[in-house]
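Okay, structure first, notes after.
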Amino acid sequence: MNFDLPEDTRALQAMVRDFAAKEITPHAARWSEDETFPTKVFTRLGELGLMGMLVPEEYGGAGSDTVTYVAVMEELGAADQSVASSWNAHSTIASLPLLAYGTEEQKRRWLTPLATGEAIGAFGLTEPDAGSDAAGIVTTARRADGGWLINGTKMFITNAGTDISQGVTLLAVTGRDGEGRKRYATFYVPTGTPGYTCGHKIKKLGWHAMDTRELVFSDCWIPEDHLIGEEGGGLRQFLSVLDKGRISVAALGLSLAQAALGLAVKHATERHQFGRPLSAFQAVAHKVADIGTEVEAARCMVYRAAWLADQGRPYGTAAAMAKLYASEVANRAASQAVQIHGGYGYVRESEISRFYADAKILEIGEGTSEIQRDVIARALVKRA
């Protein structure tokens, strides 16, 4: 069993680490404090071929495997979670539905600009009264004048209101079948379409530099060719790309936990109390040991899920397990790292405070911890 990353992946990871150290880390605190979306960083990521990592080269992407994507996420997330989470939403749930279900014309028209970094993508599922219950959405789309008329509201949507936002891929209810069950479809709504409005940026506990908004659709008409995939299959299409998104959020959690570990070790070795570095005290040393052990366990789970995906083997349960564990490890690591920092960890000027604020959402986004446990339990019972 070989745990080493391929040479090409290690080289790309090193390149991204260097890029992040120069162009993200020095500015991340300011972006967070000012709640500024760093457009230029995403333009640069596009120039480096990183905005379409999971998209084939024929559509402007890099055609990378999932393991390589996770390796890159480790570096971006350790530099700044806002940048990494925006990149993640763009790369997975915003792009993969177009790749998996779009027509050739739709891929050339919308996916290619996303993959090359000319634009950033968004996906609209969550609504004011529907999140974990994806089937509970009430945004509607009905046929009208040779196209579709969309009405409804989406909430907590990433990347929809930036100056490089191209549009939003969204899920809507199109009617009911003969047995009264909802029918769903996926649509692409370009930015600037009449009837489509982005609300003000939402003030969040963390991920301050990430663009998050409410989206309102009021008699928003789009042509027939903006339907992605088959009408009636929208929910199934969304769920089919969700597992890949869970792996990427698990990698985001891994990156935060690793960053917290690094900051904890740095502070513990540099800060002195009672004439000794904090690391010389067993209570602190054991915290570091616990964080480090959990980080390595999370790393194994995340990369295993990614490897299974690349092998074409079932990976849904592994992805849910990795997302559950890595997100909870990230929260424990950030909390313990703040404790090691003491008062210095509680001021906003400290780097660890930013990661601490960013950590909680990892247990909520892309399926809450409670939902992950449901998914895992159902799979284990079925397997038994």
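Bear in mind that the values in this text are calculations on the coordinates, not laboratory data. Keep in mind it's a predicted model, so treat the numbers as computed, not measured. For neighbour counting, all protein chains shown are included, and Cβ atoms are generated from backbone atoms with ideal geometry for every residue, glycine included.
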>> Please compute the length gained on full extension between Q339 and I202, using 0.36 nm multiplied by the number of residues separating them and subtracting their Cα-Cα distance.
In response: 46.4 nm
> Semi-axes of the equivalent ellipsoid of segment 182-292: what are they in whole Å, largest first, if each equals the square root of 5 times a C-alpha gyration tensor eigenvalue?
Replying inline: 49, 19, 9
> Taking amide H positions as placed 1.01 Å from N in the peptide plane, with prolines and chain starts having none, which residues 5 or more places from I120, or on another chain, fall under 5 Å of its amide H?
Replying inline: S165, Q166
> What's the FRET efficiency of A14 with S218 using the Cβ-Cβ distance as r and R₀ = 41 Å, to the nearest 0.05?
Replying inline: 0.25
> G63: net charge of surrounding residues, Cβ under 15 Å, Lys/Arg +1, Asp/Glu -1, itself excluded?
Replying inline: -3
> Using Cα-only point scatterers and the Debye equation, what is log10 of I(q)/I(0) for segment 157-205 at each q in 0.18 Å⁻¹, rounded to two decimals?
Replying inline: -0.69
>> Need the full-extension length gain, E370 to T293, defined as separation in residues times 0.36 nm minus the C-alpha distance. One decimal, nm.
In response: 25.3 nm
>> Give the lysines whose C-alpha is closer than 21 Å to that of K266, dropping any in the same chain fewer than 8 places away, or say none.
In response: K22, K287
>> Between 0 and 90 degrees, rounded to the nearest ten: what's the tilt of helix 234-270 against the longest Cα principal axis of the chain?
In response: 20 degrees
>> Take C300 and R313, extend 7 Å from each Cα along the Cα→Cβ direction, and tell me the distance between the two endpoints in nm.
In response: 1.5 nm
> Each residue of segment 160-165 in turn: what ³J(HN,Hα) in whole Hz from Karplus with 6.51, -1.76, 1.60 and θ = phi - 60°, glycine and Pro shown as x?
Replying inline: 7, x, 7, 7, 10, 6
>> With a cap of 15 neighbouring Cβ atoms within 10 Å, and only residues DSSP puts in a loop, list the GluC sites (Glu not before Pro) found in segment 310-384.
In response: E349
>> Given N residues in segment 209-263, what is its alpha carbon radius of gyration divided by 2.2 N^0.38 Å?
In response: 1.76
> Over what distance in Å are the Cα centres of segment 1-70 and segment 355-381 separated?
Replying inline: 25 Å
> What angle do you read, to the nearest 10 degrees and between 0 and 90, between the alpha-carbon axis of helix 81-91 and the longest principal axis of the chain?
Replying inline: 30 degrees
> Hey, what angle do you get for helix 369-383 against the long axis of the chain, alpha-carbon based, 0 to 90 degrees rounded to 10?
Replying inline: 80 degrees
> Where q = 0.16, 0.20 Å⁻¹, what log10 of I(q)/I(0) comes from the Debye formula for segment 120-233, counting one point per Cα?
Replying inline: -0.70, -1.05
> Under 15 Å from the 7 Å Cα→Cβ point of R142, by amide nitrogen: which residues of segment 154-198?
Replying inline: 173-177, 183
> E118 versus V381, label points 7 Å from Cα toward the beta carbon: distance in nm?
Replying inline: 4.9 nm
> What spacing in nm lies between the two simple spin-label points modelled at R276 and E33, each 7 Å away from Cα in the Cβ direction?
Replying inline: 3.6 nm
> Using θ = phi - 60° and the Karplus curve 6.51 cos²θ - 1.76 cosθ + 1.60, what whole-Hz ³J(HN,Hα) does each residue of segment 34-47 get, with Gly and Pro shown as x?
Replying inline: 8, 6, 9, 7, x, 3, 4, 5, 6, 5, 5, 4, x, 5
> Rounded to the nearest 500 deg cm²/dmol, what is the calculated helix-only ellipticity per residue at 222 nm for the chain, with -39500 (n - 2.57) per DSSP H run of length n ≥ 4?
Replying inline: -16000 deg cm²/dmol
> How much length is gained on full extension from D177 to A283, taking 0.36 nm per residue of separation minus their Cα-Cα distance?
Replying inline: 32.0 nm
> Once phi is turned into ³J(HN,Hα) by the Karplus curve 6.51 cos²θ - 1.76 cosθ + 1.60 with θ = phi - 60°, what whole-Hz value does each residue of segment 327-338 show in order, with x for glycine and proline?
Replying inline: 5, 6, 4, 4, 5, 5, 5, 5, 5, 5, 5, 4
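May I ask for the net charge around L324, where only other residues with Cβ less than 10 Å from the Cβ of L324 are counted and Lys, Arg are +1 while Asp, Glu are -1?
Values: positive: R246, K323, R373; negative: E328, E363, E370.
Around L324, the charge tally is 0.
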> In percent, what relative contact order does segment 1-71 have, based on Cα pairs under 8 Å that are 6 or more apart in sequence?
Replying inline: 21 percent
> Counting only residues 5 or more places away or on other chains, whose amide H sits under 5 Å from the amide H of E127 once H atoms are built in the peptide plane?
Replying inline: M155
> If you project the alpha carbons of segment 73-119 onto their three principal axes, what span does each projection cover, largest first, in Å?
Replying inline: 37, 19, 13
>> Apply the a/c threshold of 1.5 to the C-alpha gyration tensor of segment 262-384 and tell me whether it is rounded, prolate or oblate.
In response: prolate
> Over the alpha carbons of segment 7-116, what is the largest minus smallest coordinate on each principal axis, giving the biggest first in Å?
Replying inline: 41, 35, 19
>> To the nearest 20 Debye, how big is the dipole of segment 188-266 about its Cα centre, given +1 on the beta carbon of each Lys and Arg and -1 on that of each Asp and Glu?
In response: 740 debye
